[in-house]
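Everything below concerns the one structure shown next.
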Amino acid sequence: MLMDRKNYRNVMNPFDMLDEMEHAFLRNDGNVPFRTDIREDGDHYLLEADLPGFEKSDIHIELENGILTIRAERHSQIEDTGEDGTVLRSERSFGSFRRSFDLTGVDAEAITASYQNGVLSLILPKEKKELPLVRSIAID
């Protein structure tokens with residue numbers, strides 16, 4: 001069946017549906033994930049998160065029920081405006097960014113964080129495993 005371009009939009013396109021499903025799945029409820037690296041380094045893990053362009057005050061780290069959540073929020077900053085106040089160009093993004101991590105095996109009380117050159121670094125010390133007590137038993 002041939003259709004003109006005007007009626008083409010009314011036809012269900014499975015590729016468009018897949019794109020919409022992927023977009024909805026990756027959207028993460030309006031929160032865009034950011035890239036992280038996690039490395040094991042002896043007695044601790046090192047988590048590094050790319051958060052370029054954020055102020056330290058815009059980044060929040062929370063720990064609840066063994067889950068570490070990193071949140072950051074950025075607002076658009078308009079650089080170029082016309083004489084009448086209209087935007088000529090706006091290239092800076094804005095939005096809410098959030099990632100959560102399971103802290104199983106991490107000593108949550110000893111976590112430290114720093115932020116430098118757009119990279120948030122967290123040192124996550126491993127829990128110290130308690131060694132079983134060894135005792136001698138006398139033979140009667």
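For Asp102 and Thr69, the difference between the fully extended length at 0.36 nm per residue and the C-alpha to C-alpha distance is 11.0 nm.
Among 123-135, 33-45, sorting by the average number of other beta carbon atoms lying within 10 angstrom of each residue, highest first, gives 33-45, 123-135.
Segment Lys126..Ile38, full-extension length gain: 30.4 nm, with 0.36 nm per residue of separation and the alpha-carbon distance subtracted.
In this view, the solvent-accessible surface of Thr112, computed with a 1.4 Å probe and all protein chains in place, comes to about 70 Å².
The values are calculated or read from the model by the stated rules, or taken from the named source; none is laboratory data. Since we're looking at a predicted model, the values are computed, not measured. Note: ideal-geometry Cβ built from the backbone for every residue, glycine included; neighbour counts use all protein chains shown. The protein model used for the area step is the full one, side chains on, heavy atoms only, and it has no ligands, DNA or RNA in it. Shrake-Rupley method; radii C 1.70, N 1.55, O 1.52, S 1.80 Å.
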